[in-house]
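Student: Quick one: the structure is below, and I'll ask about it shortly.
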Amino acid sequence: MPYRKTPAEVRRLEAARDHLVACATAVVAEVGWSQASVTAVADSAGIAAGSVYQHFASKSALAVEVFRRAAGREVEVLGQVLDGPGTAVERLAHGVEVFARRALENRGLAYALLAAPTEPAVGAERLDFRRRYRALFAEVVREGMTAGLLPAQNGEITAAALTGAIGEVLVDPLGAPDEDATDELLAELRAMALRCAGAPSV
């Protein structure tokens, strides 16, 4: 009869895996994907490098999990804002601001998620999450059109334009932090998003 892990063992392994991913995320935020070696992650987690492979088959698999969890949190937050109170136009403006503010508050990780050079497996995840962002923006744009708050348009194209523009606008500020310019940048991003969707300022 094959050995089955006890519930306590499963919980211990899950906790160890979560701790490892959290440490890897912190390392990526500090040094980027290319320098986030298995050894660096293991040192951060306080384990031997070989122990990393008890949880992940490769560095690439660990990197994908780091990306999925970190980007997944951002998609979840954006979704909550875009599905929250207010008109579709207000939610669109607020969602863009919240997304950008969160990025600017954790610049190293945000740059890694949005633009930093990485291996193909993480690049594929990045494309998948861009589609998820687009879907969220497209839905709120459609709601705005239905409510008569936005002009008739192809919501998918507007959402794609917003997703690409927001990321492009953030790339340089994430790499060259200037705290004094944050409020101005957020205001400009809000205004850009509204112009892109054909909405009045809010």
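The values are calculated or read from the model by the stated rules, or taken from the named source; none is laboratory data. Note that the structure is predicted; figures quoted are calculated from it, not measured. In this analysis, Cβ positions are derived from the backbone assuming ideal geometry, glycine residues included, and neighbour counts consider all displayed protein chains. Calculation scope for accessible area: heavy atoms of the full protein, side chains included, ligands and nucleic acids excluded. Shrake-Rupley method; radii C 1.70, N 1.55, O 1.52, S 1.80 Å.
Student: What's the number of the condition Glu119 fails, among (1) open to solvent by less than 70 Å² (accessible area, probe 1.4 Å); (2) modelled with pLDDT of 95 or more?
Tutor: Exception for Glu119: condition (2).
Student: Is it the case that segment 35-44 has a residue that's closer than 19 Å to Gly108 by Cα and open to solvent by 80 Å² or more (accessible area, probe 1.4 Å)?
Tutor: Keep residues of segment 35-44 that are closer than 19 Å to Gly108 by Cα, which gives 35-38, 40-41, 44.
The next check asks that each one be open to solvent by 80 Å² or more (accessible area, probe 1.4 Å); those that pass are 35.
Among the residues of segment 35-44, at least one is closer than 19 Å to Gly108 by Cα and open to solvent by 80 Å² or more (accessible area, probe 1.4 Å), which makes the answer yes.
Student: Can you tell which of Arg68, Arg91 is of a type outside the set (Phe, Trp, Tyr) and in contact with an Asp or Glu (Cβ under 7 Å, 6 or more places away or on another chain)?
Tutor: On the way: Arg91 fails: in contact with an Asp or Glu (Cβ under 7 Å, 6 or more places away or on another chain).
Going through Arg68, Arg91 in turn, just one is of a type outside the set (Phe, Trp, Tyr) and in contact with an Asp or Glu (Cβ under 7 Å, 6 or more places away or on another chain): Arg68.
Student: What helices (runs of 4 or more DSSP H) completely inside segment 1-73 contain at least 2 residues that are in contact (Cβ under 8 Å) with a residue 12 or more places away in the chain and of a type in the set (A, V, I, L, M, F, W, C)? Spell out how you get there, then give the answer.
Tutor: Details: elements: 7-31, 38-45, 49-52.
Passing ranges, in order: 7-31, 38-45.
Student: Could I ask something else about it? Identify all residues within segment 112-124 that are assigned to a helix (DSSP H, G or I) and touching a Gly at 6+ places or on another chain (Cβ under 9 Å); write none if there are none. Quick ask: steps written out before the conclusion?
Tutor: So the first thing to find is which residues in segment 112-124 are assigned to a helix (DSSP H, G or I), and the list is 112-114, 120-124.
Hits for segment 112-124 are Ala112, Leu114.
Student: List the number of the failed condition for Val141; all other conditions in (1) part of a loop (DSSP other than H, G, I, E, B); (2) within 27 Å of Thr182 (Cβ to Cβ) hold.
Tutor: All conditions are met except number (1).
Student: Being at pLDDT below 95, open to solvent by less than 70 Å² (accessible area, probe 1.4 Å) and small (Gly, Ala, Ser), is that true of even one residue in segment 74-85?
Tutor: Residues of segment 74-85 that are at pLDDT below 95, as a first pass: none.
Checking segment 74-85: not a single residue is at pLDDT below 95, open to solvent by less than 70 Å² (accessible area, probe 1.4 Å) and small (Gly, Ala, Ser).
Student: Evaluate the following for Gly108: is it within 22 Å of the chain's Cα centre (by Cα) and closer than 19 Å to Gly167 by Cβ? Even if it seems obvious, please write down each step before you answer.
Tutor: On the way: within 22 Å of the chain's Cα centre (by Cα): yes; closer than 19 Å to Gly167 by Cβ: yes.
Yes; evaluated as a whole, the condition is true for this residue.
Student: Sort through Leu127, Leu109, Leu186 and tell me the only one that's in a helix (DSSP H, G or I) and buried (at least 20 other Cβ atoms within 10 Å of the Cβ). Outline the logic, then answer.
Tutor: On the way: Leu127 fails: buried (at least 20 other Cβ atoms within 10 Å of the Cβ); Leu186 fails: buried (at least 20 other Cβ atoms within 10 Å of the Cβ).
After applying the criteria, what remains is Leu109.
Student: In addition: Has segment 50-67 got at least one residue that is open to solvent by 30 Å² or more (accessible area, probe 1.4 Å), of a type in the set (A, V, I, L, M, F, W, C), within 22 Å of the chain's Cα centre (by Cα) and over 22 Å from Val141 (Cβ atoms)?
Tutor: For segment 50-67, residues open to solvent by 30 Å² or more (accessible area, probe 1.4 Å), of a type in the set (A, V, I, L, M, F, W, C), within 22 Å of the chain's Cα centre (by Cα) and over 22 Å from Val141 (Cβ atoms): present.
Student: Given the residues Ala165, Ala152, Ala103, which is the only one that is open to solvent by 80 Å² or more (accessible area, probe 1.4 Å) and of a type in the set (A, V, I, L, M, F, W, C)?
Tutor: Ala152
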